[in-house]
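Asks: The structure under discussion is supplied below as structure tokens; questions concerning it will follow.
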Amino acid sequence: MTLDSPGARRVLYALAGTVAVLVVGAILHPGFASWSSLRGMLVVASFTGFVAAGQMLVVLVGGIDLSIPWVLNGAAIVLTTASLGQTSRAPVAILLALGVGALVGLGNGLGVAWLGVPAVVMTLGMNGVMQGLTLGLSKGLTCASCGSYAPSPLRSLFSGALPAQLFLWVGVGLFMTVLLTLTTFGRRVYAVGVNPTAAFLSGVGVRGVTVALYTLSGVFAALAGIALVAYGGQPSLGLGDPYLFESIAAVVVGGVSILGGRGHYLGVIAGSLTLVAVTTFLAAQRVPEYGRLVIYGLVILAILFAYGREKAHD
Amino acid sequence: MNLPRHPGRAARAAVAVVAATLLLIVAACSDAGSPASTGDAKAGKIKIALSNSFIGNQWRVEMENVYKAACAMPPYVDEVECSVFNAGNDVSTQSRQISNLISQGVDAIVINAASTSGLNGVVQQACDRGIVVVSFDNTVDNKCGLTVNTDQIKFGQQLAQFIVDELGGQGNVVMVTGVAGTGADNDRNKGAKDVFAANPGIKVVATYTGMWDSATAQRNTSAQLPNLPKVDGVWVSGGTDGVIKAFAAANRPMPVVGGEAENGFRKFMAGLLTPKVKGMSIGQPPFLSVISLELARAVVKGEHPKESITIPFPVATSDNMVPGETVFPDLPDSFFADFTDSGPNAILVLCQEAATDGTPCPGKTLDVKLPS
Amino acid sequence: MRDALRRVSLGYLVLAATAVAYLVVYTSRLGRFPTSFDYLSILNTTLPLVFVAIGQSLVVLTGGIDLSVGGVVSLCVAVTAATASIPWIFAVLALGTACGALNGLVVAYGRIAPILTTLATLSIFSGLALRVLPAPGGSIPYPVRQVLTNPAAPTGLIWLGLAVAGWLVLRRTRFGMRVYAVGSDESSARAVGVPAAAVKLKVYALSGLCGALAAVFYVSTTTAGDANAGTPFILTSIASVVVGGVAFSGGRGSALGAVAGAVALTLVIDILFFAGIDPLYQSLFQGLFLVVAVLLGTVFVRRRRLS
């Protein structure tokens with residue numbers, strides 16, 4: 001069921017798309033696909049990859065998470081204010097930050113599954129709530145402990161020839177793949193995504209699955225927040241804003257069906273890299289901002305036409 | 001989720017709880033927000049409101065904090081009744097707020113606009129009713145209002161000239177721009193491009209946006225760097241510390257940097273963070289809000305002609321870094337280190353608490369010298 | 001259809017509640033009732049959102065979503081302000097319709113999910129807007145301003161009335177019926193011979209036209225253009241539709257509800273203003289308002305159904 005042929009084929013398309021972008025880039029801009037360049041893009045893509053993991057989970061059941069930007073930002077600020085830059089406090093701070101993500105995700109899940117609020121509304125509202133809380137509680141990032149840096153073990157995630165961050169991404173990839181393809185939970189996720197009523201009738205706890213997925217999405221947004229703080233040393237306000245639409249785009253370019261029920265995280269990894277590669281390539285070619293936006297949109301459309309189409313109605 | 005479901009009793013209970021909580025929070029918060037606007041206006045106190053657009057970045061927070069601090073310090077605490085409103089990046093919201101301020105009958109409105117052109121209509125209505133309108137930073141185009149600003153074209157020129165001079169007119173330069181479609185971004189880029197174009201030895205090898213955001217600037221720089229030849233100079237419109245962090249992480253030789261006034265950038269310039277960076281830091285000062293407050297007050301009181309003001313930038317270079325004055329080791333990297341002017345000709349002097357907490361500086365009268 | 005009526009009444013209910021709250025906080029803060037200036041400025045600043053919300057509600061009624069409204073509004077604002085002439089305003093309306101039709105073609109005949117299509121075209125239209133108007137500026141002919149959003153007379157009411165009347169007529173046409181049919185159950189609609197693809201194409205084109213109208217009104221109220229002007233409308237139009245009781249699953253609700261939602265959202269801004277909310281916490285309340293309004297709506301509908 002999970003490795004059905006259309007799903008697997010879409011992953012291949014997504015990978016082919018990434019390779020195509022890299023090859024075109026390398027031809028037009030020598031050195032674009034060199035290892036050092038690729039490594040730089042992979043690190044940047046890993047942040048998108050983290051948030052897209054959460055976004056993919058909710059998209060698999062036909063939902064959407066618009067609360068990602070400020071969950072990410074909130075978790076990032078919790079991490080620094082709780083750790084105060086001390087290595088000994090890092091584990092607690094990381095757990096706290098992930099906990100914030102999980103809590104907000106849980107709220108989203110309960111709202112969507114039990115109260116019947118449409119996912120768009122629930123998560124959009126939650127994004128506003130988190131923005132207000134984050135700004136208010138940190139007094140606009142001027143609180144006494146807001147000047148702390150991320151603890152040094154976290155910051156070393158990004159040093160070295162082969163940054164540990166990439167291994168962390170591999171870890172996320174393994175977790176997602178195992179969770180979705182090898183566990184009962186994963187099979188239930190796809191079942192709910194394909195047909196929630198049928199899944200419910202066959203005994204799947206649809207609400208429980210939904211709540212778990214939104215919670216995980218919050219955790220992944222928080223994880224991205226932690227990674228971004230580790231990368232830049234400190235959080236800033238608006239840290240998560242670029243990831244609202246980018247997470248959706250990465251999921252879709254990765255071959256996940258927006259209607260739910262189909263898709264694999266391997267494709268999302270490829271999708272994240274494709275998006276970053278396109279942006280990087282256009283900047284390297286010194287395409288002005290307006291051209292970058294237009295071409296970015298056209299590339300997404302082209303990819304959608306290639307493998308994002310729905311079945312024809314008869 | 002497209003499962004058909006019907007909320008039951010639990011849902012109704014939850015709604016009631018949420019609604020009750022909401023009411024409670026509103027009640028608890030309702031007067032915390034604008035402390036200066038409560039209480040009866042004493043006779044002779046003039047009402048000046050700050051209408052800000054976007055609040056989700058540190059510069060805007062500091063700008064509001066110093067405004068609140070100034071309002072709580074003499075002479076403003078005795079003469080002016082202040083209030084502060086945020087609209088977000090939405091022109092309609094800000095228009096509504098300004099209309100409401102007109103209804104409230106304020107004497108002056110100080111504006112940092114969501115769009116330089118988007119408020120022309122409502123500002124005209126304020127002017128028509130004799131309200132003094134002073135806009136700063138992202139100013140309002142409408143000529144009936146006054147403006148307090150720095151010269152954004154000069155911002156671009158001066159940083160670019162610094163880089164050209166440091167490099168002796170020879171070398172590869174990268175430009176990291178801001179948010180496309182805004183007046184400030186256009187002006188800054190124009191100023192820089194003119195200077196670089198006038199120096200044939202300077203080659204601009206890359207131009208990309210950093211969205212005036214350190215994290216974005218860092219990500220974009222990291223992705224670009226492997227594709228770039230040796231970089232001798234970097235011109236940054238905003239997010240400077242992110243650009244430097246990307247160079248450091250890639251183990252590239254550190255170029256000469258001309259950038260904004262982020263505290264993180266200044267920490268690198270002062271050698272508080274490694275590697276030490278040779279650079280020039282020019283900032284759009286957050287205290288523009290306080291100068292606007294003073295201008296508004298003076299114009300309402302008839303002490304100052306109705307004229308716009310252009311103030312010089314506070315400029316800092318890596319040679320004159322003073323902890324506690326131009327760089328702040330204990331404050332976040334994203335903090336803007338130019339919240340106060342300094343030097344003998346300072347327009348005004350503010351303390352650190354004013355910028356971080358919006359509380360008044362102890363035992364001080366705030367003296368704002370408007371440049372003529 | 002009876003269900004649709006119930007949902008519409010949710011939008012009105014929220015509007016009534018916010019209007020009462022507005023009057024209460026306004027009078028308690030200022031000690032007098034709002035004046036004609038207040039009503040007029042609410043009307044003129046709400047008009048662009050009202051138009052975008054009508055367009056968005058049409059799309060949502062077919063079970064879709066239009067994220068590209070932000071790009072359409074930005075592009076049309078840029079062109080309107082950059083050209084600043086009356087003939088061009090008609091060209092802008094055509095341009096908006098064409099942008100919408102492009103969405104419709106991709107969604108209906110390209111069979112790509114609406115949210116994805118419009119996410120991609122959002123980027124394209126926004127880029128074009130930046131090309132047309134790199135920095136804020138431009139203008140609009142003075143007569144246009146006098147006719148569309150006169151700051152001294154409620155000319156906006158005429159346009160609001162026309163928009164509402166347009167919807168009421170549209171809903172009773174065969175096309176209007178088909179919009180609901182496609183949104184309720186596309187397969188069944190096809191089975192009984194409704195040309196679903198053509199209906200969708202028209203709906204997206206109409207949404208584009210509404211975006212263009214919003215843009216013209218935007219330039220008229222603000223007297224100038226900004227290439228980023230449309231961005232806030234993406235989320236506010238969705239919020240209006242939601243508060244107005246249009247169901248995201250399609251087929252239920254009405255554009256009138258969305259109009260009510262748009263006005264209610266504008267009033268919420270004013271309520272927060274006069275209530276003196278700490279600006280840092282402002283988005284918290286806007287978020288809660290959205291969720292609570294919808295929650296109350298679902299419970300309200302459920303109650304009615306039970307009784």
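The values are calculated or read from the model by the stated rules, or taken from the named source; none is laboratory data. Given the structure is predicted, the values throughout are model-derived calculations rather than measurements. We place every Cβ from the backbone using ideal geometry, glycine too, and count neighbours over all the protein chains shown.
Asks: Quick test for you: out of C:G261, C:G251, C:G257, pick the one residue that is more than 21 Å from C:L95 (Cα to Cα), of a type in the set (G, A, S) and surrounded by fewer than 23 Cβ atoms within 10 Å (Cβ to Cβ).
Replies: That would be C:G251, the only listed residue that is more than 21 Å from C:L95 (Cα to Cα), of a type in the set (G, A, S) and surrounded by fewer than 23 Cβ atoms within 10 Å (Cβ to Cβ).
Table: residues versus (1) modelled with pLDDT under 90; (2) more than 7 Å from chain C (Cβ to nearest Cβ); (3) in contact with a helix residue (DSSP H, G or I) (Cβ under 8 Å, 6 or more places away or on another chain).
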| position | (1), (2), (3) |
| --- | --- |
| B:N86 | yes, no, yes |
| B:S92 | yes, no, yes |
| B:S99 | no, no, yes |
| B:D107 | no, yes, yes |
| B:V110 | no, yes, yes |
| B:S115 | yes, no, yes |
| B:N120 | yes, no, yes |
| B:V123 | no, yes, yes |
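Asks: Further question on the same structure: Could we say that A:T2 is closer than 25 Å to A:V194 by Cβ and modelled with pLDDT under 90 here?
Replies: Yes: the conditions hold for A:T2.
Asks: Moving on to the next point. Any chance region A:168-176 includes a residue that's β-branched (V, I, T), out of contact with any helix residue (DSSP H, G or I) (no Cβ under 8 Å at 6 or more places or on another chain) and part of a helix (DSSP H, G or I)?
Replies: yes
Asks: Please work out if A:G232 is within 13 Å of chain B (Cβ to nearest Cβ), without any contact (Cβ under 8 Å) to a residue 12 or more places away in the chain and not basic (K, R).
Replies: Spelling it out, A:G232 is indeed within 13 Å of chain B (Cβ to nearest Cβ), without any contact (Cβ under 8 Å) to a residue 12 or more places away in the chain and not basic (K, R).
Asks: Hey, another quick one. Hey, among A:I68, A:I77, A:I64, which residue is farther than 30 Å from A:G261 by Cβ and either crowded, with 24+ Cβ neighbours inside 10 Å or at pLDDT 90 or above (or both)?
Replies: A:I77
Asks: Against the definition (under 18 Å from the mean Cα position of the chain (by Cα) and closer than 25 Å to B:V140 by Cα), how does B:E260 come out, yes or no?
Replies: yes
Asks: Let me confirm something: among C:A224, C:A214, C:A239, which residue is buried (at least 22 other Cβ atoms within 10 Å of the Cβ), within 14 Å of chain B (Cβ to nearest Cβ) and in contact with an Asp or Glu (Cβ under 8 Å, 6 or more places away or on another chain)?
Replies: Being buried (at least 22 other Cβ atoms within 10 Å of the Cβ), within 14 Å of chain B (Cβ to nearest Cβ) and in contact with an Asp or Glu (Cβ under 8 Å, 6 or more places away or on another chain) holds for just one of C:A224, C:A214, C:A239, which is C:A224.
Asks: Moving to a separate point now. Working only within region A:112-130, note down all residues that are more than 18 Å from A:P69 (Cβ to Cβ), surrounded by 24 or more Cβ atoms within 10 Å (Cβ to Cβ) and among the small types (G, A, S).
Replies: Within region A:112-130, just A:A113 meets the criteria.
Asks: B:Y67 fails exactly one of the following numbered conditions: (1) in contact with a Ser or Thr (Cβ under 8 Å, 6 or more places away or on another chain); (2) away from chain A (no Cβ under 14 Å); (3) modelled with pLDDT of 90 or more. What is the number of that condition?
Replies: Failing condition for B:Y67: (2).
Asks: Go through region C:153-195 and count every residue that is out of contact with any helix residue (DSSP H, G or I) (no Cβ under 7 Å at 6 or more places or on another chain) and of a type in the set (S, T, Y).
Replies: Within region C:153-195, residues that are out of contact with any helix residue (DSSP H, G or I) (no Cβ under 7 Å at 6 or more places or on another chain) and of a type in the set (S, T, Y) number 4.
Asks: So which of B:D232, B:D213, B:D241 ends up being farther than 20 Å from A:V44 by Cβ and acidic (D, E)?
Replies: One residue alone meets the criteria, B:D232.
Asks: Now for a different question. Those residues that are crowded, with 24+ Cβ neighbours inside 10 Å and among the hydrophobic types (A, V, I, L, M, F, W, C), I need them from region B:213-245; list them, please.
Replies: The answer is B:A215, B:A217, B:A223, B:V234, B:W235, B:V236, B:V243, B:I244.
Asks: Only one of these is modelled with pLDDT of 90 or more and away from chain A (no Cβ under 14 Å): B:V174, B:V195. Name it.
Replies: Of B:V174, B:V195, the one residue that is modelled with pLDDT of 90 or more and away from chain A (no Cβ under 14 Å) is B:V195.
Asks: Are there any helices (runs of 4 or more DSSP H) wholly within region A:47-160 with 1 or more residues that are in contact with a helix residue (DSSP H, G or I) (Cβ under 9 Å, 6 or more places away or on another chain) and more than 22 Å from B:Q58 (Cα to Cα), and if so which?
Replies: In region A:47-160, A:90-113, A:119-137, A:152-155 are the helices (runs of 4 or more DSSP H) which contain 1 or more residues that are in contact with a helix residue (DSSP H, G or I) (Cβ under 9 Å, 6 or more places away or on another chain) and more than 22 Å from B:Q58 (Cα to Cα).
Asks: Is it the case, given these coordinates, that B:N320 is surrounded by fewer than 23 Cβ atoms within 10 Å (Cβ to Cβ), within 30 Å of B:D165 (Cβ to Cβ) and touching a Ser or Thr at 6+ places or on another chain (Cβ under 8 Å)?
Replies: Yes, satisfied.
Asks: Next question. Looking at this structure, is A:I258 more than 25 Å from A:V71 (Cβ to Cβ) and aliphatic (A, V, I, L, M)?
Replies: no
Asks: Let me ask you something else. Give me a count of the residues in region B:277-326 that are out of contact with any strand residue (DSSP E or B) (no Cβ under 8 Å at 6 or more places or on another chain), farther than 21 Å from B:A70 by Cβ and of a type in the set (A, V, I, L, M, F, W, C).
Replies: 1
Asks: Which one of the conditions (1) touching a Phe, Trp or Tyr at 6+ places or on another chain (Cβ under 7 Å); (2) modelled with pLDDT of 95 or more does B:Q161 fail to meet, given that it meets all the rest?
Replies: (1)
Asks: Restricting to region C:168-180, give me the number of residues that are crowded, with 19+ Cβ neighbours inside 10 Å and touching a residue at least 40 places away in the same chain (Cβ under 8 Å).
Replies: 2
Asks: Could you tell me which residue of region A:131-144 is nearest to the other protein chains (Cβ to nearest Cβ), considering only residues that are among the polar types (S, T, N, Q) and closer than 17 Å to A:I68 by Cβ?
Replies: A:Q131
Matching residues to (1) charged (D, E, K, R); (2) surrounded by 15 or more Cβ atoms within 10 Å (Cβ to Cβ); (3) modelled with pLDDT of 85 or more; (4) in a helix (DSSP H, G or I):
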residue	(1), (2), (3), (4)
B:L272	no, yes, yes, no
B:V277	no, yes, yes, no
B:S281	no, yes, yes, no
B:L293	no, yes, yes, yes
B:V299	no, yes, yes, yes
B:P305	no, no, yes, no
B:G363	no, no, no, no
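Asks: Out of the residues in region C:109-139 that are more than 22 Å from the chain's Cα centre (by Cα), in contact (Cβ under 8 Å) with a residue 12 or more places away in the chain and more than 19 Å from A:R292 (Cβ to Cβ), which is nearest to the other protein chains (Cβ to nearest Cβ)?
Replies: C:P136
Asks: Are there any helices (runs of 4 or more DSSP H) wholly within region A:238-314 with 3 or more residues that are over 21 Å from the mean Cα position of the chain (by Cα) and within 11 Å of chain C (Cβ to nearest Cβ), and if so which?
Replies: Where helices (runs of 4 or more DSSP H) fall fully within region A:238-314 and carry at least 3 residues being over 21 Å from the mean Cα position of the chain (by Cα) and within 11 Å of chain C (Cβ to nearest Cβ), they are A:289-307.
Asks: Evaluate region A:195-217: report whether one residue or more is in contact (Cβ under 8 Å) with a residue 12 or more places away in the chain, away from every other protein chain (no Cβ under 11 Å), aliphatic (A, V, I, L, M) and within 25 Å of A:T80 (Cα to Cα).
Replies: yes
Asks: Now for a separate question. Kindly indicate which of A:L124, A:L115 is within 14 Å of another protein chain (Cβ to nearest Cβ), over 23 Å from A:P235 (Cβ atoms) and among the aliphatic types (A, V, I, L, M).
Replies: Testing whether each residue is within 14 Å of another protein chain (Cβ to nearest Cβ), over 23 Å from A:P235 (Cβ atoms) and among the aliphatic types (A, V, I, L, M) leaves just A:L115.
Asks: I'm checking my understanding of the structure. Among residues of region A:31-46 that are part of a helix (DSSP H, G or I) and among the polar types (S, T, N, Q), which one is farthest from the chain's Cα centre (by Cα)?
Replies: If we take residues in region A:31-46 being part of a helix (DSSP H, G or I) and among the polar types (S, T, N, Q), then A:S36 is farthest from the chain's Cα centre (by Cα).
Asks: Can you pull out every residue in region A:222-274 that is within 17 Å of B:Q218 (Cβ to Cβ) and hydroxyl-bearing (S, T, Y)?
Replies: Passing the criteria: A:Y231, A:S236, A:Y243.
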